[in-house]
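Here is the structure we will look at, set down as structure tokens.
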Protein chains: 2
Amino acid sequence: MKYVAGAAAGVVGTTLFPEKKAVADEAKTDWPWPYEKIDPEHARLVAHDCFHEYGCCYAGFAGVLKPLQDKVGEPFTTIPLEMMSYGYGGVKGWGTLCGTLNGVSAAISLVRDSKNSAPLIQELMNWYSQERLPTDVSNRYAEEHRYKAGKVSKLLPQSVSGSPLCHISVTTWSGVSGHRVDEPERLERCARLSGDVVAQTVQWLNEQAEGGFLSGRSLSASTEDCLSCHGPRKPEGNVFAKMGCVQCHGDPHE
Amino acid sequence: MKYVAGAAAGVVGTTLFPEKKAVADEAKTDWPWPYEKIDPEHARLVAHDCFHEYGCCYAGFAGVLKPLQDKVGEPFTTIPLEMMSYGYGGVKGWGTLCGTLNGVSAAISLVRDSKNSAPLIQELMNWYSQERLPTDVSNRYAEEHRYKAGKVSKLLPQSVSGSPLCHISVTTWSGVSGHRVDEPERLERCARLSGDVVAQTVQWLNEQAEGGFLSGRSLSASTEDCLSCHGPRKPEGNVFAKMGCVQCHGDPHE
């Protein structure tokens with residue numbers, strides 16, 4: 001796992017759609033919606049409890065938007081938060097994209113134009129892939145019984161996914177923790193992770209609102225190595241992706 | 001690839017969140033929104049052109065919702081369609097979930113409660129994984145110059161992804177077609193695929209509106225075989241996923 005945690009220099013700029021392109025001119029409603037700073041720790045608690053209602057993607061979306069509904073009101077009160085409930089378990093249990101990342105990305109893209117959502121979402125994808133989750137903060141909150149929902153309050157093992165994919169994230173944690181995917185501990189692990197992702201998202205949205213957000217993470221060294229040959233505009237040119245490679249393809253250097 | 005195209009009997013019921021659970025009681029706005037039948041072929045054209053504006057996820061979302069904005073008006077005109085633009089290339093180019101599947105799933109989940117969205121989205125994920133895409137219809141439309149956007153009008157090669165992941169879908173097509181991921185043909189392939197996914201989605205939404213939607217596809221035989229041991233409530237119990245396994249793990253029977 002040496003490549004997974006290591007952040008290398010450089011950014012792989014493989015975007016094939018220009019982030020600066022504006023489509024607001026044809027929007028039928030004003031966009032982006034007016035973000036106001038909210039409390040990341042309150043959003044964490046909201047997300048955790050929302051997970052136990054309706055899964056991770058709803059938790060990611062509602063964890064950001066419920067506090068905005070309460071603080072700002074319209075237009076945030078006009079959108080049914082349930083519309084993002086489909087994304088749990090990587091879309092109805094298919095194990096693709098982590099639902100929490102999906103949900104917060106939709107929330108971010110509601111309050112930021114594409115140019116400003118891009119660095120936040122890139123940072124989140126890298127952070128999620130490289131971080132030990134659930135965080136100590138989420139574990140401590142559970143031990144302090146600060147969550148309304150969920151049956152597990154003990155400290156839970158942590159793991160580094162190396163990938164934003166639900167299946168890799170969950171199965172890696174299952175291997176590290178020894179817990180089956182159908183145990184309450186696994187559900188609670190994902191609930192705490194949802195809180196972690198939402199709190200991190202809100203913190204960076206707040207920093208960006210103050211003009212202080214700086215992205216600092218890069219793709220893993222192994223992924224950069226793979227893309228230096230397989231990425232767009234590179235010799236092979238057959239891969240349009242940034243997620244970790246070694247989780248599926250193995251490490252060619254080992 | 002023998003397992004990929006083959007549909008086996010049985011449905012893997014690995015859902016860990018009950019689809020029947022209602023959260024509408026706490027919705028601040030009525031949900032689901034009132035779907036009215038729209039023309040799948042018109043939606044296909046809308047989606048194709050939207051792809052060339054803002055990518056696949058926007059195309060999937062707007063391909064369904066723009067026709068509903070035009071036909072129904074409010075509440076569909078109150079949601080900024082750009083909120084789903086983040087999902088292109090499997091979320092800002094990360095190669096995770098195919099953005100079109102993400103976009104149409106959000107649209108479906110806006111007009112269907114969770115119980116009714118589940119069979120549609122499960123069917124779409126299987127259909128996408130098993131179908132030769134882009135379809136003959138999309139290719140014919142291009143040759144007939146029925147799309148407003150896009151620079152490529154020739155017939156394009158087709159491929160079966162075996163997976164709903166963007167990276168696998170795109171790289172498989174790149175291998176079959178010989179086109180690099182950064183060529184206009186690859187972008188146009190994904191534009192036509194977006195139209196295909198949207199047209200199929202609208203057709204099934206229309207059928208469901210008339211009470212006639214029947215799901216018929218199952219997971220691939222190889223995935224069912226893997227999950228019979230690794231899935232939830234099975235002996236190993238370390239996988240919560242339904243996407244194709246052999247694309248990353250190889251086929252243990254070969």
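Among the conditions (1) surrounded by fewer than 22 Cβ atoms within 10 Å (Cβ to Cβ); (2) over 17 Å from A:GLY237 (Cβ atoms), the only one that B:GLY175 does not satisfy is (2).
This table checks each residue for (1) touching a residue at least 60 places away in the same chain (Cβ under 8 Å); (2) touching a Cys at 6+ places or on another chain (Cβ under 9 Å).
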site	(1), (2)
B:PRO34	yes, no
B:GLU41	yes, no
B:LEU45	yes, no
B:TYR54	no, no
B:CYS57	no, yes
B:LEU68	no, no
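Just to verify a result, which residue in the range B:21-34, among those that are open to solvent by 30 Å² or more (accessible area, probe 1.4 Å) and at pLDDT 95 or above, is nearest to the other protein chains (Cβ to nearest Cβ)? Among those that are open to solvent by 30 Å² or more (accessible area, probe 1.4 Å) and at pLDDT 95 or above, it is B:PRO32. Taken over the range B:220-236, residues that are in a loop (DSSP other than H, G, I, E, B), of a type outside the set (Asp, Glu) and touching a helix residue (DSSP H, G or I) at 6+ places or on another chain (Cβ under 7 Å) amount to 2. Here are the criteria: (1) without any contact (Cβ under 8 Å) to a residue 40 or more places away in the chain; (2) among the acidic types (Asp, Glu); (3) in contact with a Ser or Thr (Cβ under 9 Å, 6 or more places away or on another chain). Tell me which single one A:ASP136 does not satisfy. In the conditions (1) without any contact (Cβ under 8 Å) to a residue 40 or more places away in the chain; (2) among the acidic types (Asp, Glu); (3) in contact with a Ser or Thr (Cβ under 9 Å, 6 or more places away or on another chain), A:ASP136 misses (3) alone. Restricting A:ASN116, A:ASN102, A:ASN139 to those that are touching a strand residue (DSSP E or B) at 6+ places or on another chain (Cβ under 8 Å) and outside any loop (DSSP other than H, G, I, E, B) reduces the list to A:ASN102.
Check the range B:143-157 and report whether any residue there is under 19 Å from B:ALA43 (Cα atoms), out of contact with any His (no Cβ under 6 Å at 6 or more places or on another chain) and touching a residue at least 60 places away in the same chain (Cβ under 8 Å). Yes, the range B:143-157 has at least one match.
The rows are residues; the columns are (1) within 13 Å of chain A (Cβ to nearest Cβ); (2) in contact with an Asp or Glu (Cβ under 9 Å, 6 or more places away or on another chain); (3) open to solvent by 40 Å² or more (accessible area, probe 1.4 Å).
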residue	(1), (2), (3)
B:GLU82	yes, yes, no
B:TRP94	yes, no, no
B:ASN102	yes, no, no
B:ALA118	yes, yes, no
B:MET125	yes, no, no
B:ASN139	no, no, no
B:HIS145	no, no, yes
B:VAL152	no, yes, no
B:CYS166	yes, no, no
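Surrounded by 14 or more Cβ atoms within 10 Å (Cβ to Cβ) and under 18 Å from the mean Cα position of the chain (by Cα): does that describe A:SER222? No; evaluated as a whole, the condition is false for this residue. Going residue by residue through the range A:44-56, is there one that turns out to be modelled with pLDDT of 95 or more, among the basic types (Lys, Arg) and open to solvent by less than 20 Å² (accessible area, probe 1.4 Å)? Yes: the range A:44-56 contains one or more residues that are modelled with pLDDT of 95 or more, among the basic types (Lys, Arg) and open to solvent by less than 20 Å² (accessible area, probe 1.4 Å). In this structure, A:GLU131 does satisfy being acidic (Asp, Glu), surrounded by fewer than 23 Cβ atoms within 10 Å (Cβ to Cβ) and more than 10 Å from chain B (Cβ to nearest Cβ).
Yes/no matrix, rows are residues, columns are (1) in a loop (DSSP other than H, G, I, E, B); (2) modelled with pLDDT of 95 or more; (3) farther than 14 Å from A:GLN130 by Cβ:
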{"position": "A:SER161", "(1), (2), (3)": "yes, yes, no"}
{"position": "A:VAL170", "(1), (2), (3)": "no, yes, yes"}
{"position": "A:TRP173", "(1), (2), (3)": "no, yes, yes"}
{"position": "A:VAL181", "(1), (2), (3)": "yes, yes, yes"}
{"position": "A:CYS190", "(1), (2), (3)": "no, yes, yes"}
{"position": "A:ALA199", "(1), (2), (3)": "no, yes, yes"}
{"position": "A:LEU205", "(1), (2), (3)": "no, yes, yes"}
{"position": "A:GLN208", "(1), (2), (3)": "no, yes, yes"}
{"position": "A:GLY212", "(1), (2), (3)": "yes, no, yes"}
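Take the residues of the range B:235-254 that are more than 7 Å from every other protein chain (Cβ to nearest Cβ) and under 19 Å from A:VAL176 (Cα atoms): which is surrounded by the most Cβ atoms within 10 Å (Cβ to Cβ)? Top of the filtered list is B:GLU236.
Of the residues A:ARG180, A:ARG217, the single one that is under 24 Å from A:ILE108 (Cβ atoms) and either buried (at least 21 other Cβ atoms within 10 Å of the Cβ) or touching a helix residue (DSSP H, G or I) at 6+ places or on another chain (Cβ under 8 Å) (or both) is A:ARG217.
Looking at the range A:123-141, is at least one residue under 15 Å from B:GLY87 (Cβ atoms) and modelled with pLDDT of 95 or more? Taking every residue of the range A:123-141 in turn, at least one turns out to be under 15 Å from B:GLY87 (Cβ atoms) and modelled with pLDDT of 95 or more. Number of residues in the range A:154-213 that are among the β-branched types (Val, Ile, Thr) and touching a strand residue (DSSP E or B) at 6+ places or on another chain (Cβ under 7 Å) equals 2. I'd like the full set of residues that are under 29 Å from A:LEU227 (Cα atoms) and hydroxyl-bearing (Ser, Thr, Tyr), limited to the range B:78-130. Answer for the range B:78-130, where residues must be under 29 Å from A:LEU227 (Cα atoms) and hydroxyl-bearing (Ser, Thr, Tyr): B:SER85, B:TYR86, B:TYR88, B:THR96, B:THR100, B:TYR128, B:SER129.
The values are calculated or read from the model by the stated rules, or taken from the named source; none is laboratory data. Just so you know, these numbers come straight off a predicted model, no measurement behind them. Note that each Cβ is placed from the backbone with ideal geometry, even for glycine, and that neighbours are counted across all protein chains shown. Quick note on the areas: whole protein, heavy atoms, side chains included, nothing else; ligands and nucleic acids left out. Shrake-Rupley method; radii C 1.70, N 1.55, O 1.52, S 1.80 Å.
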